[in-house]
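The values are calculated or read from the model by the stated rules, or taken from the named source; none is laboratory data. As the structure is a prediction and not an experimental result, all values here were calculated from the model. Every residue, glycine as well, gets a Cβ built from its backbone with ideal geometry; the counts of neighbours run over all protein chains shown. With ligands, DNA and RNA removed, areas are computed over all heavy atoms of the protein, side chains included. Shrake-Rupley method; radii C 1.70, N 1.55, O 1.52, S 1.80 Å.
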Amino acid sequence: MSVHSISDVTCAEYFTSLCAAESEVQRQLKGLVSTLDNVPPMYIDPLQGAILAFLARSIQAKNILELGTFVGYGTLWLARALSSDGKITTCERDKRWWPIAADAFEKSGVSSQVHQEKCHAIESLQNWLNLDTPPVFDFIFIDADKSSIPVYVDACLPLLSPQGLLIIDNVWWQGKVLNSDDHQKRAEVLRQFNADLAKDARLDVVMLPISDGISMIRKKAFL
Ligand SMILES: C[S@@+](CC[C@H](N)C(=O)[O-])C[C@H]1O[C@@H](n2cnc3c(N)ncnc32)[C@H](O)[C@@H]1O
């Protein structure tokens, strides 16, 4: 049977009910965000969270990087993939979210494995790239400002381990990228970026048709 006859929402709800249960702390984070004025629910959905955690577990990721912490909801999904010697570095420039995320990591018992980079993601990436021995990440999740995605990918690729996975969220930008009549700057940038990525001979790229579009990237030379 083709899945196209079933709505995406039905599929997502079914999957979520079976294998993407949020933790109590994650539910509390959502409750908190819902009380804040003018703050959209910017976190990934449980379907994405469970898939990301599954992928990170599959490659036994030990050193995870997330760009865009927000309140730490997505970080907590990634933390489910960590073994006791694994760690996550998560970057957030907006200081309003630092203590909320820190509290969620503490309550979830993962704070010793999560390092919060409290600055602009590009600043962190440039600092690492300038080191004699830059850190190597085996799982990178890009989920910060969408217009900088191309810049983030360029900066992240040298930091990605040979067998690592780089994941980019919102590559459809609310579906606008899929509408070729939409000429808003960000839609154009992401449309061109997706096309360039698909043609990049160095990379193996897959786009998952879930949520707002997720791209998964590996370095081809090491396949
Ligand atoms: C979509 S939210 C991240 C959601 C989070 N990954 C989750 O799933 O729970 C994007 C976050 O990136 C942060 N952000 C935007 N631009 C950034 C930048 N240049 N450096 C660091 N953080 C940034 C925003 O403040 C926001 O909190």
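What to note about this one:
- Convex hull projection area averaged over all views, the stretch 153-223, Cα basis, nm²: 4.8
- Surface composition of the stretch 105-223: carbon plus sulfur atoms hold 52% of the accessible area, using a 1.4 angstrom probe and ignoring ligands, DNA and RNA.
- Between Leu208 and Arg80, the simple label model (points 7 Å from Cα in the Cβ direction) yields a spacing of 1.2 nm.
- Applying 1/(1 + (r/R0)^6) with R0 = 35 Å to the Cβ-Cβ distance of Leu36 and Gln184 gives a FRET efficiency near 0.85.
- Reach of Lys199 by Cα under 19 Å, taken over lysines that are not fewer than 8 positions away in the same chain: Lys219, Lys220
- 1.4 Å probe accessible area per residue over the stretch 3-222, in Å²: 51
- Three-way shape label, the chain, alpha-carbon gyration tensor, a/c 1.5: rounded
- Close amide H partners of Phe141, meaning residues 5 or more places away or on another chain with modelled amide H under 5 Å apart, are Leu65, Glu66, Leu67, Ile167.
- For the chain, built as a Gaussian network whose Cα springs stay under 10 Å, the top-fluctuating residue of Tyr14, Tyr152, Tyr73: Tyr14
- Counting only DSSP H runs of at least 4 residues, each contributing -39500 (n - 2.57), and dividing by the residue count of the chain, the helix-based mean residue ellipticity at 222 nm comes to -11500 deg cm²/dmol.
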